[in-house]
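The values are calculated or read from the model by the stated rules, or taken from the named source; none is laboratory data. Keep in mind the model is a prediction, meaning the values are calculated, not measured. Reconstructed Cβ throughout: ideal geometry from the backbone, glycine too, with neighbour counts over all protein chains shown. Remember, those area values only see protein heavy atoms, side chains included, never the ligands or the DNA or RNA. Shrake-Rupley method; radii C 1.70, N 1.55, O 1.52, S 1.80 Å.
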Amino acid sequence: MSVDLAPQALDGSSSATAELDVVVVALADLDVAAYDRYVHQHPDVTPYHASAWLFAVERAYGHPGKVVLAMADGQLRGVLPLVWVQRPLMAPVLSSLPFCDLAGPLADSPDLSLKLIAAARDLARQQRAGRLEVRRSQPSVVSSPGAGGCFPAGTKVRMLAPLPASSEALFAGFKSKLRSQIRKAEKNGLAVSVCDQDSAIDEFYPVFARNMLRLGSPVHSKGWFQSLKTAYGRQLRVGLVTLNEMPVGAGIVLLLGDRACIPWASTLAEYNRLAPNMLLYWALLAHVCDAGCRQFDFGRSTVDEGTYRFKRQWGAEPHPLLWQEWYPDDRDSSCQHTETPDSPGLSARLRPLVERVWQRLPLPLANWIGPRVRKYITL
């Protein structure tokens, strides 16, 4: 789909010299090098914006990737990565992006970001998608110590922490209580490593799968993580916490430039008394800090709940998440603390019941069924 716009400057004003063209291209037709160069230099980039995410989704789950491109004078001025998720017996979803907290448009101006979204909305209507999803982050709002501050109860936020020039400086900046918790985990006989070998996925996945079953949530396929490793290469690192050489904690971080994020981290509940999560997060933070990262994205949390407080102790600050959806009848919704997009009608009473039923499944059965369900859940 091509959208020819009236001549405009990138600040949104009229111009006779900058003619803007907005086009939608399939992932197979994308100039990957030009796309990655553009997103890499953008101040709002996340590791999820890399073309690697689109390739991993398509390879693992068969959902085709698309990108809305804004071009002016032969140069990229904005991009919006999308994935077309075709669901059985339901209308498809156009998502930016599935299986992560945020992506959305990257552009030279806010006005141009709106044009990219408008082109995506046109695509969703033409292809008869059930909805278009765009998940973005908003600027940080300073909250009062130890609480949600001005955030409403239940607000979903992205937790971001700045990183200093070295892991030594990072550790020195922690409060004494946090430093003692890290040392305690080490004294409990736990060992930790961070590596980028493909084989690390084999050790990560059993810990992750068992934790998802405990939470009553369908698990991603092992092939999904293998596809991510293939697509991201050395920019995907795996942290492993072991006890007597048995993995009891595991996490994945993605790197892009000076940014790092942790989409998944799990521990085995029966070993949580040994604090493997403290050692895991410290090892990953230290590793990416020494690798040159200056911002760490701890991922999504609900204000003032347990994971929110856990992440704040590491120096992370909340940035509200803006999840937007557009429907064929031009309805739109923007939310920070609603039901997940894939289950808007799932009542508060029904969800715990479904989770309890799932928790009782044998692990092999959950690992077989889970990926066949999870591939259609865009969150």
Taking all protein chains in place and a 1.4 Å probe, what share, in percent, of the accessible surface of the chain do carbon and sulfur account for? 53
Pairs of lysines in the chain (C-alpha under 18 Å apart; 8 or more residues apart or interchain): 9
Just to check, using Stokes-Einstein with a Kirkwood Rh over alpha carbon pairs, what's the diffusion coefficient of segment 17-98 at 4 °C and 1.567 mPa s in µm²/s? 97
Only Lys, Arg, Asp and Glu count, each charged at its Cβ (+1, +1, -1, -1), so figure out the dipole size of segment 231-327 about its Cα centre, rounded to 20 debye. 140
In whole percent, what relative contact order does segment 141-295 give with Cα contacts below 8 Å and a gap of six or more residues? 29
At a Förster radius of 41 Å, what calculated FRET efficiency corresponds to the Cβ-Cβ distance of ASP202 and GLN313, to the nearest 0.05? 0.85
At 0.36 nm per residue, and after removing the present C-alpha to C-alpha distance, how many nm does the segment from GLU305 to ASP29 gain when stretched out fully? 95.0 nm
As a Kirkwood estimate from alpha-carbon pairs, segment 219-266 has a hydrodynamic radius in angstrom of 11.7
May I ask you to order 66-77, 45-56, 189-200 by the average number of other C-beta atoms within 10 Å around their residues, highest value first? 45-56, 66-77, 189-200
FRET efficiency for ARG37 and LYS187, Cβ-Cβ distance as r, R0 = 51 Å, nearest 0.05? 0.65
Each residue of segment 174-182 in turn: what ³J(HN,Hα) in whole Hz from Karplus with 6.51, -1.76, 1.60 and θ = phi - 60°, glycine and Pro shown as x? 6, 5, 4, 5, 5, 4, 5, 5, 5
State in Å² the accessible area per residue of the chain; use a 1.4 Å probe, count heavy atoms of protein chains only, and round to the nearest integer. 44
Please name which of ALA269, LEU236, LEU256 has its Cα lying farthest along the dipole of segment 224-285 towards the positive end, using unit charges on Cβ (Lys, Arg +1; Asp, Glu -1) and the Cα centre as origin. LEU256
Sorted largest first, the Cα spans of segment 142-251 on the principal axes come out in Å as 42, 35, 29
Hey, any idea what Rg/Rh is for the chain, computing Rh the Kirkwood way over Cα pairs? 0.97
For the ranges 212-220, 21-29, what's the packing order if you count other beta-carbon atoms within 10 Å of each residue, average per peptide, and put the highest first? 212-220, 21-29
Along the charge dipole of the chain, Cβ charges K/R +1 and D/E -1, which of PRO320, TYR38, LEU353 sits furthest on the positive end? LEU353
Please give the FRET efficiency for ASP44 paired with LEU350, using the beta carbon to beta carbon distance and R0 = 35 Å, rounded to the nearest 0.05. 0.45
Could you work out how far apart the two model spin labels at LEU243 and MET90 are, taking each label as a point 7 Å from the Cα in the direction of the beta carbon, and quote it in nm? 3.8
Dipole magnitude of the chain, debye to nearest 20 (Cβ charges: Lys/Arg +1, Asp/Glu -1, about Cα centre): 1700
From the phi angles alone, apply the Karplus equation (6.51, -1.76, 1.60; θ = phi - 60°) to segment 203-219 and give each ³J(HN,Hα) in whole Hz, x where the residue is Gly or Pro. 8, 5, 5, x, 5, 4, 5, 5, 5, 5, 5, 4, 7, x, 10, x, 9
What's the angle, to the nearest 10 degrees (0 to 90), between helix 363-374's Cα axis and the longest principal axis of the chain? 20
